[in-house]
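Rule-based calculations on the coordinates, nothing more; no lab input. These figures come from a predicted structure and were not determined experimentally. When we count neighbours, we look across all protein chains shown, and the Cβ atoms used for this are built from the backbone with ideal geometry, even at glycine.
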Amino acid sequence: MKEHVHKYKRVIMGGKKFEKDENGKLRIVRQAGYPVYKCVVPGCTHYVPRELAEGRESTCWRCGERLTMTTRNLTQAKPTHRECTRGANKDPLS
């Protein structure tokens with residue numbers, strides 16, 4: 001596949017575990033899971049743990065330009081530039 005800039009989306013990995021009950025039947029037990037960033041570009045299978053995503057290149061979900069993941073982006077499910085966030089361009093004193 002051609003090289004590309006990843007477009008990350010936060011997802012939860014894990015969260016389910018199969019256990020046998022006393023009758024021998026399998027049942028699903030919910031667990032916490034852990035957050036990772038998954039690339040949503042078709043054909044790309046890239047995942048990166050949330051703790052290691054800071055400083056990586058990504059594509060902004062609003063404008064489509066490149067951005068570098070920062071601590072502010074790590075709180076977003078779909079990372080965007082600060083300027084692309086609604087309300088960021090408003091003057092707080094007006």
- Task: Sticking to Cα atoms, compute the Rg of the chain to one decimal and its Dmax as the biggest Cα-Cα distance, whole number, in Å.
- Result: 18.2, 67
- Residues with beta-carbon under 10 Å from that of Lys17, excluding Lys17: net charge, scoring Lys, Arg +1 and Asp, Glu -1? +2
- Counting pairs of alpha carbon atoms under 8 Å apart in space and at least six apart in sequence, what relative contact order in percent does the chain give? 25 percent
- Give me the number: length gained by fully extending Cys63 to Val40, i.e. 0.36 nm times residue separation minus the C-alpha to C-alpha distance, one decimal in nm. 6.7 nm
- Query: Quick one: length gained pulling Ile28 to Val5 fully straight, 0.36 nm per residue minus the C-alpha distance?
  - Reply: 4.6 nm
- Item | Potential extension, Glu19-Glu51 segment - 0.36 nm per residue separation minus Cα distance | 8.6 nm
